[in-house]
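The block underneath contains the structure these notes are about, expressed in structure tokens.
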Amino acid sequence: MMARAERLCGERGLQFTHLRREVLRAVAADGRPLGAYDIAERISAPGRRVAPVSVYRALDFLTENGLVHRIATRNAFVPCVHDHGDGAGLVFMICRNCGSIDETTSPEIERQIDRTLALSGFKARSRILEVEGECGACTARAAS
């Protein structure tokens, strides 16, 4: 994850500052969606409190560059573990039981959304679909 971020920032001529690095490390390490206040707490040190507004700025940078994704229904952030193209329609599958979040793209869904938007003349800025339910592991546990 960090190597991908370093490479991407280098290719785009962007600064991968210490704060951005620490925020990405915190999001990637936790394994569950984190809010900005949670991140601020994790990266703060005794006598050196990181302000949530600074975390939000770092998250904006990381989101704009495809390194993290915002899960709107949770107002939280997860690392981007896929190397999808810019503008790809994303589908997040959010488990209500264990809190896991899986990310994927779906060309079929993207085509249908494109058709729907074209019919209405709407120009999308982003296309992110969040689906809540039960993951395969939780479904299997409930069945046994």
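With kT/(6 pi eta Rh) evaluated at 20 °C and eta = 1.002 mPa s, and Rh the Kirkwood radius from Cα pairs, the range 1-67 diffuses with a coefficient of 177 µm²/s according to Stokes-Einstein. Taking max minus min of the alpha-carbon positions on each principal axis, the range 5-144 gives extents of 52, 46, 25 Å, largest first. Percent relative contact order of the range 55-144, based on C-alpha pairs within less than 8 angstrom and at least six residues apart? Relative contact order here is 27 percent. By the beta carbon rule, with partners counted only under 4.7 Å, the chain holds these lone Cys residues: Cys9, Cys80, Cys98, Cys138.
In this simple spin-label approximation, Ala142 and Arg49 carry label points 7 Å from Cα along the Cα→Cβ vector, and these lie 4.2 nm apart.
When you count, for each residue, the other Cβ atoms within 10 Å and take the mean per peptide, how do 47-53, 121-127 rank with the highest first?
Put in order of decreasing packing, that is 47-53, 121-127.
Each value in this text was obtained by applying a stated rule to the coordinates, not by laboratory testing. Since this is a predicted model, take the numbers as computed values, not measurements. Please note: Cβ atoms are built from the backbone with ideal geometry, for glycine as well, and neighbour counts cover all protein chains shown.
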